[in-house]
Every structure is written in C-alpha cells, then in structure tokens.
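**Student:** This is the structure, below, for whatever I ask next.
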C-alpha cells in the first residue's frame, strides 16, 4: 500500500461526515436552508368578509348565499286596513250549444268597465244585470252582504242597497236575491288573496209578474279562491245547460267583481302614489 493512501481515506471520511451532518441539520430545521426562506409579507388586517367573499367561500362548500334579500311572500296588513268591494251579477241567456264557445279571457277583458261588459254580453244573447252590492271590507276579516228583491226587475234596474250582517238569513220563496260572503286577505305584493262565495236566486222566466212560481225559481252558487289585483275586474261564472228557460235558452250567471286599493281610514285615495 502506498504511503499516502491512509491520508486519502481519512479525507474521504471527513467529506462524507460533512455531507451527512448537513443533511441531518436540514431535516431538523427546514427553514435553515436559505432557498426555502420566503420574503416577508404584509400582515392581513381583520376586516369583515364581503358578500362576494362569502359567496365564493360558501360556493366552495356547495352552499348558496343570495346577493339580494328575497322579497316577502306576504304583505302584512296593518290592523284596520280596508278596501272597497263592488260586485254585479248578470243574467245571460244563450242557446245551450253556445256555452262552450264562451271565452273567459275575452269576457274578462271586456269587463274593464260596466258599460263595455254589458255591451259584450248583449252581443252574445239576452243579458241584464240582476243584483249589485257595494261595501267597504276590512282585510283579514269576513264580510257579508245580502241583496234581496221581492220582484225581479225585468228592465235591468238595480234593487235597493243591501242589508249587511253576520250569518246567512233564510230567504222566503216569494223573493229572489243574492248573498256575498267574502274574506279578503293581504297577498303577495300588489295582490289580495280572496275567498268568496256568491249565491243567487233567479227566475227562469223573469217576465212573469206577481207572486213567484216555485217551479220557475232557481239558485246558483259561484265560488273563488285565488289572488286578485285591486282595481282590476275579475269574473265568477255559473252555467247550467241542463236547465232551460221557457224559450229554450240556457241561463249563465256572471258576477263582475272589482276591489279598490287597500287603504287606511282617512287616506286621500286621490293623492298621487
């Protein structure tokens, strides 16, 4: 063996130990390597997250946060809010085979005014107004009106103003008339949620004078449960093709109803909105 071989082996051992020591130090303290040390960053201030931040975060979780509040599903009426109620029942006589040709949408559009509605009905057949009632209702409260007429008006004139009260009264066979039972409730914005039941008695032959013949007396019912728009007329229908008048015509009863704008007592309804 040459004389300098032991020195070469000792030098190699020193080099190996140096690399091994550096590796162990790196494993124990990773940030001791200058290449792993990042530059300092500004410390984040504690500010509340924005809606966009919340939306992004919640979307990542599979959730949804609306960016705008949802509109209320129901307008809460204040105690004492009222609205007007105007209803007219019309008697329309047409051939039985024409009933299916009546278009509710066309009739509703024609009901914008009483005059235009009467004109449209007269073009379909023999039409006349039977009963009318007007009253002031209170939202979330039941209202009841009764129109009675001892002698049906063959000339289309309206009977006297109705009597008002709670509960249905027994109507004698010697009189015809109508009752209106309704509960208007606050609905979604701009609407009234309405429950209404209308009952009307009429004569098959309204030209018969004097005491009513029970064989000519008929009673019809009309009901509705849906949202309606104040100041916009809507209609209730009752058609019976099985019962004909002496001339062979079917009797169609149509009730035209319109509510006024809900308001408080003393409000100026003519003021601009």
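Nothing in this text is a laboratory measurement; each read-out follows from the coordinates by a stated rule. As the structure is a computational prediction, the values presented were derived from the model and not from experiment. Reconstructed Cβ throughout: ideal geometry from the backbone, glycine too, with neighbour counts over all protein chains shown.
**Student:** Within the range 90-133, name every residue whose backbone N is under 16 Å away from a label modeled 7 Å from Cα of residue 247 along the Cβ vector.
**Tutor:** Within reach of a label on residue 247: 91-99, 121-130.
**Student:** OK, next. Simple spin-label model, 7 Å along Cα-to-Cβ: residue 103 to residue 215 in nm?
**Tutor:** Rounded to a tenth, the inter-label distance reads 4.1 nm.
**Student:** Note the full-extension length gain between residue 142 and residue 197 as 0.36 nm times their separation in residues minus their Cα-Cα distance, in nm to one decimal.
**Tutor:** My answer for the length gained is 18.7 nm.
**Student:** Pulled fully out, how much extra length does the chain show between residue 86 and residue 223, if you take 0.36 nm times their separation in residues and subtract their Cα-Cα distance?
**Tutor:** Full extension from residue 86 to residue 223 adds 47.7 nm.
**Student:** Could you rank the peptides 106-115, 129-138, 177-186 by their average count of other C-beta atoms within 10 Å per residue, with the highest value first?
**Tutor:** 177-186, 129-138, 106-115
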